[in-house]
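Here's the structure, in structure tokens; my notes come after.
The values are calculated or read from the model by the stated rules, or taken from the named source; none is laboratory data. Because the structure is predicted, anything quoted here is derived from the model rather than measured. Cβ placement follows ideal geometry from the backbone for every residue including glycine, while neighbour counts extend to all protein chains displayed.
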Amino acid sequence: MKITTYFVDVQGTLVRRDPKTLKSQLIGGVKAFEKIRGAGGRIYILSNAPRLTEEVHKDLLSVGLPVNIEQIITSAQVTGEYIAKKFGPSRLYVIGSDSFKQELSKYGHTVVEEGADVVVVGIDRQLTFEKLNKAMQLIMAGAKLVAAGMSRYIPEEKPTISIGPIAMALAYATGVKPINTGKPSRIMYTYALVRARAVPEESAVISDDLEDLIYAKRMGLATVLVLTGATTPEKLKASGFQPDYVVNNIDELNPW
């Protein structure tokens, strides 16, 4: 079956962020995108970045990756839309950046400090005990728990804790299972397929994260592992999982 739609991860696949400056450094993708487009394929960026879509777009352009903003699908978009459809316009207590809060507000939600309907977990580089404790109290008072991804860490120069451990800390404290609206989850992959008007058997996910690919394969998408981020050859071997293709760098990809 010919692959017509490629969903491409960002961190560890296309770029790596400097943990000090937070600026993106290109890993690859320019040549791969040229080859995919030359073969008649479509590209969608699939990112767990919980922030404004405009910022993700600006970052990709800054490293020379030619993408339109319409090609970008983020866990922030999915989270905002999922909550709106599932619970209606809601009061959100957000563990995350101001950028993430602004993106969520696009979907009719209000960010609050008290009386939240939903606690939303993103990446918060200024996370404090007080923020975590407030989130726990709100969940215990009846708020839903939504995580914009369940990644364990961000593959930066020095690994940085990501959304998953924060969400699981709250889950452990409250006994409430988080709803995962990012990767890897059926919610995000379904959103991406619908948005792209694509079908699983003609789509592929390209990522450095084994968990992304395992879930994608479970949903019937083809999988391409790149060895520039979270997964080493040793980790791949130990996992027992076999992606459809493994490449050292995304630019080695040959569309099929």
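Would you check if Leu92 is under 19 Å from Val111 (Cα atoms) and of a type in the set (A, V, I, L, M)? Let's see the steps before the verdict.
Values: under 19 Å from Val111 (Cα atoms): yes; of a type in the set (A, V, I, L, M): yes.
When the stated conditions are applied, Leu92 passes them.
Just checking, how many residues over segment 50-81 are in a helix (DSSP H, G or I) and of a type in the set (Lys, Arg)? Outline the logic, then answer.
Kept after step one, since they are in a helix (DSSP H, G or I), are these residues of segment 50-81: 53-62, 69-71, 75-81.
Still in the list and also of a type in the set (Lys, Arg): 58.
Of the residues in segment 50-81, 1 are in a helix (DSSP H, G or I) and of a type in the set (Lys, Arg).
If I filter segment 26-50 down to residues being more than 21 Å from the chain's Cα centre (by Cα) and farther than 23 Å from Tyr189 by Cβ, which single residue comes out as surrounded by the most Cβ atoms within 10 Å (Cβ to Cβ)?
Filtering segment 26-50 down to residues more than 21 Å from the chain's Cα centre (by Cα) leaves 31, 34-41.
Now restrict to residues that are farther than 23 Å from Tyr189 by Cβ: 31, 34-35, 38.
Details: Lys31: 13, Glu34: 12, Lys35: 15, Gly38: 9.
Out of the qualifying residues, it is Lys35.
Pick from segment 85-135 the residues that are of a type in the set (Asp, Glu) and surrounded by fewer than 22 Cβ atoms within 10 Å (Cβ to Cβ): which of them is nearest to Leu52 (Cα to Cα)? Outline the logic, then answer.
Of segment 85-135, the ones of a type in the set (Asp, Glu) are 98, 103, 113-114, 117, 124, 130.
So of that shortlist, the ones also surrounded by fewer than 22 Cβ atoms within 10 Å (Cβ to Cβ) come out as 98, 113-114, 117, 124, 130.
On the way: Asp98: 9, Glu113: 21, Glu114: 24, Asp117: 22, Asp124: 14, Glu130: 25 Å.
Among those residues, the one meeting the criterion is Asp98.
Please state which one of Ala196, Ala216 is in contact with a strand residue (DSSP E or B) (Cβ under 8 Å, 6 or more places away or on another chain), surrounded by fewer than 20 Cβ atoms within 10 Å (Cβ to Cβ) and farther than 19 Å from Ile163 by Cα.
Numbers: Ala216 fails: surrounded by fewer than 20 Cβ atoms within 10 Å (Cβ to Cβ).
Being in contact with a strand residue (DSSP E or B) (Cβ under 8 Å, 6 or more places away or on another chain), surrounded by fewer than 20 Cβ atoms within 10 Å (Cβ to Cβ) and farther than 19 Å from Ile163 by Cα holds for just one of Ala196, Ala216, which is Ala196.
If you scan segment 177-205, which residues turn out to be touching a helix residue (DSSP H, G or I) at 6+ places or on another chain (Cβ under 6 Å) and part of a strand (DSSP E or B)?
If the condition is that a residue be touching a helix residue (DSSP H, G or I) at 6+ places or on another chain (Cβ under 6 Å) and part of a strand (DSSP E or B), then Val205 is the only one that fits.
So Val224 ticks every box in (1) within 13 Å of Leu46 (Cβ to Cβ); (2) touching a strand residue (DSSP E or B) at 6+ places or on another chain (Cβ under 7 Å); (3) part of a helix (DSSP H, G or I) but one. Which box is left unticked?
(3)
Quick check on segment 76-96. Is at least one of its residues small (Gly, Ala, Ser), under 20 Å from Ile163 (Cα atoms) and touching a residue at least 60 places away in the same chain (Cβ under 8 Å)? Even if it seems obvious, please write down each step before you answer.
Quick first cut of segment 76-96, residues small (Gly, Ala, Ser) only: 76, 80, 84, 88, 90, 96.
Those still in the list that are under 20 Å from Ile163 (Cα atoms) too: 76, 80, 96.
Right, trim to touching a residue at least 60 places away in the same chain (Cβ under 8 Å) and you get 76.
Yes, that holds for at least one residue.
Which members of segment 229-251 meet the condition of being surrounded by fewer than 20 Cβ atoms within 10 Å (Cβ to Cβ) and either in contact (Cβ under 8 Å) with a residue 24 or more places away in the chain or assigned by TED's automatic domain parsing to the domain that holds Ile154 (or both)?
Initial filter on segment 229-251 (surrounded by fewer than 20 Cβ atoms within 10 Å (Cβ to Cβ)): 232-242, 244-249, 251.
Once the filter is applied, which keeps residues that are surrounded by fewer than 20 Cβ atoms within 10 Å (Cβ to Cβ) and either in contact (Cβ under 8 Å) with a residue 24 or more places away in the chain or assigned by TED's automatic domain parsing to the domain that holds Ile154 (or both), segment 229-251 yields Lys235, Leu236, Ser239, Phe241, Asp244, Asn249, Asp251.
Which condition does Pro200 not pass, out of (1) within 26 Å of Lys20 (Cβ to Cβ); (2) touching a residue at least 12 places away in the same chain (Cβ under 8 Å), if it passes all the others?
Looking at each condition in turn, Pro200 falls short on (1).
Check off (1) over 20 Å from the mean Cα position of the chain (by Cα); (2) farther than 24 Å from Ala135 by Cβ for Met219 and give me the number that stays unchecked.
The number of the failed condition is (1).
Exactly one condition in (1) closer than 15 Å to Phe7 by Cα; (2) of a type in the set (Asp, Glu); (3) not assigned by TED's automatic domain parsing to the domain that holds Thr13 is false for Glu70; which is it?
Result: Glu70 passes all but (3).
May I ask you to list the residues in segment 13-25 that are among the hydrophobic types (A, V, I, L, M, F, W, C) and surrounded by 14 or more Cβ atoms within 10 Å (Cβ to Cβ)?
Applying the first criterion (among the hydrophobic types (A, V, I, L, M, F, W, C)) to segment 13-25 yields 14-15, 22.
Matches in segment 13-25: Leu14, Val15.
Give the number of residues within segment 199-221 that are within 13 Å of Met188 (Cβ to Cβ) and β-branched (Val, Ile, Thr).
Summing the residues that are within 13 Å of Met188 (Cβ to Cβ) and β-branched (Val, Ile, Thr) in segment 199-221 gives 1.
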